Amino acid sequence: MFDILLQTVLASTEISLYENLKVIESIKKSSLQKSENTFVFDLYCLMQKQKIDIKDIGHVWVVNGPGYFTGIRTGLAISKTFVDVLQIPIRLINTFQWLETGISDCKDTIKIFIPSSAREGYLGFIKNSVLEETFLVLTKDVLKQKKIGFENALIYTNDKELAEQKNMTYIEPKFTLPSVFEEVETTRKVIPEYFRTEDQLFKKQ
Amino acid sequence: MNILGIETSCDDTAVAVVNSDGEILSNVLSSQTEFHAKYGGIVPEIASRKHLELISHVCFESLEKAQIKWSDIDLISVTKGPGLVGSLLVGVEYARGLSVVLKKPIKGINHMEGHLLSPLLTQKVPFPYMGLVISGGHTEFVLVEKSGKYLKVSSTVDDACGESLDKFGKQIGILYPAGPLIEKLAIEGNSKAYQFPLPKVKKDPLAMSFSGLKTSVMHVITSLSSEDLLKEKQNLCASYQYALFRHVLVTAKKVVLKYPVRALTISGGVSANMNLYKTLSDGLSVPVFKPAKKLSTDNAAMIAYAGFLRFKAEGPDSLNFEVFSNLPLASYNTV
């Protein structure tokens, strides 16, 4: 049985095919903006290349936030069709837990920063694979760590540009599907995480 | 052949099923108006979230009303622009996903082309005709030589007509979308109570402009006391609506004179206004066609139908076609 992974929420995106939970092929793109029209096309090409029929798909894994809002909606809109037409279950993965697969042997609390727009993002604290806390923070405050309550801590991010600035360490997921996920079998339950409330949105405007 | 149409370019989530004879099997629309009304206009981020929330439900309802199954769909047609990118992407990605899981072809459609062809769904309109698309986002005249052959001949240089109605409505305390209530109040008012100038665009005699009219009416509104404003609401609505539609009529006369056509069609949200239809019908020498109310505002039946005509002429699109917030009809003069 094959699985599909849609990660469309980070600055660099990936569409992957798995066989028995091991990645067999993947398409990675370095820019969400440039890849937003090609996710389904890439997925189709991967399946054609691997001679996989749609009926051979067991699960669709989709990273559903935090991350860029457009990307979250894109991944969920695509995955909904698998539930709606073929009743293939969707496995929702939290972005922090997806990125954590890229960090090995860390006993301390891991701090990961995920941008959700040009100026802000989410800071998450993970300990022993459990997501303990998340905060919506301004990017500039993460860079000036004093403002968010700690100094000189090691913060991981999947954003290369941010990582190049001080106090950030670049991480890439290792294509290991996480053990923590939420499986949904109806479209109604496929909802995005980490969206601002309507009041917050309007205040910002 | 059954065509599934998906339209999410703005704030309405719409899915329809139309067959190759142009018969509408279902035309379902979920309006987000109440969610945006409290903000006085459409909030793009909220619109795209609602599309994501609603798309599956609207799709299932459309299939149920059409009494067909997923396997009965032969073509997927979806709006690819112009519109709000976040909203467009939800519909397009859902349509692309359907195309893969159903193994059916897909066609990306210009929203304006849908509007221009929508009168053909219910009436026999002779070619060539002049299509007026008039809504909160667009006000333009397009020469339709035949299906797929278009020439934009006039458009607004600033506000769209519907946008102008909404802005005026906001000033006199009418909630978004203001058009329907303005039309209702105008019936009880005197359209000659206030005189507003006829706009002119110096550089282009065929172009329209609505922002000057808006400024004129603002001067009148600010000169009135709140008591007088309440008393004069009907007269203001009638006079402002008259001024807007007179400008549209004068432009319509010019374009019909320059480009001889056999008919004029009106579509888009403002086309539901009966006074606009009457103004154009009485004032023009060519017959005026307007689609049924459900087809004049944004809907997916028009996208399904336009998709079918395009598919017949060009074949399917690739799965990686682009989505555009600003998609000119000029790029469609190819068929």
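The values are calculated or read from the model by the stated rules, or taken from the named source; none is laboratory data. As the structure is a computational prediction, the values presented were derived from the model and not from experiment. Backbone-built Cβ (ideal geometry, glycine too); neighbour counts: all protein chains shown.
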Condition check: in a loop (DSSP other than H, G, I, E, B), of a type in the set (A, V, I, L, M, F, W, C) and not assigned by TED's automatic domain parsing to the domain that holds A:N158. Does A:I52 satisfy that? yes
Starting from residues that are within 8 Å of chain A (Cβ to nearest Cβ) and either touching a residue at least 60 places away in the same chain (Cβ under 8 Å) or of a type in the set (D, E, K, R) (or both), keep the ones in the stretch B:46-55 and report whichever is surrounded by the most Cβ atoms within 10 Å (Cβ to Cβ). B:R49
Check the stretch B:16-38 and report whether any residue there is among the small types (G, A, S), free of Cβ contacts under 8 Å to residues at least 40 places away in the same chain and farther than 27 Å from B:H138 by Cα. no
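Does B:P260 count as away from chain A (no Cβ under 14 Å) and touching a Pro at 6+ places or on another chain (Cβ under 7 Å)?
On the way: away from chain A (no Cβ under 14 Å): yes; touching a Pro at 6+ places or on another chain (Cβ under 7 Å): no.
No: the conditions fail for B:P260.
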Matching residues in the stretch B:56-86 - criterion: being crowded, with 19+ Cβ neighbours inside 10 Å, more than 20 Å from the chain's Cα centre (by Cα) and under 22 Å from B:R310 (Cβ atoms): B:C59, B:S62, B:A66, B:I73, B:L75, B:I76
Can you name the residue in the stretch A:138-173 that is assigned to a strand (DSSP E or B) and surrounded by fewer than 16 Cβ atoms within 10 Å (Cβ to Cβ) and is also nearest to the chain's Cα centre (by Cα) among such residues? A:Y170
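Which one is nearest to the other protein chains (Cβ to nearest Cβ), of the residues in the stretch A:44-66 that are of a type outside the set (S, T, N, Q) and under 17 Å from the mean Cα position of the chain (by Cα)?
The selected residue is A:V60.
Collect the residues in the stretch B:65-76 that are touching a residue at least 12 places away in the same chain (Cβ under 8 Å) and not polar (S, T, N, Q), keeping them in residue-number order.
Of the residues in the stretch B:65-76, the ones touching a residue at least 12 places away in the same chain (Cβ under 8 Å) are B:65-68, B:70-76.
Result: B:K65, B:A66, B:I68, B:W70, B:D72, B:I73, B:D74, B:L75, B:I76.
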Cβ-Cβ under 9 Å, sequence separation 6+ or interchain: first residue in the stretch B:102-119 and within 14 Å of chain A (Cβ to nearest Cβ) and of a type in the set (D, E, K, R), partner buried (at least 23 other Cβ atoms within 10 Å of the Cβ) and outside any strand (DSSP E or B). Which pairs? B:K104/B:L98
Residue check for A:F39: touching a Ser or Thr at 6+ places or on another chain (Cβ under 9 Å) and more than 29 Å from B:D72 (Cβ to Cβ): no
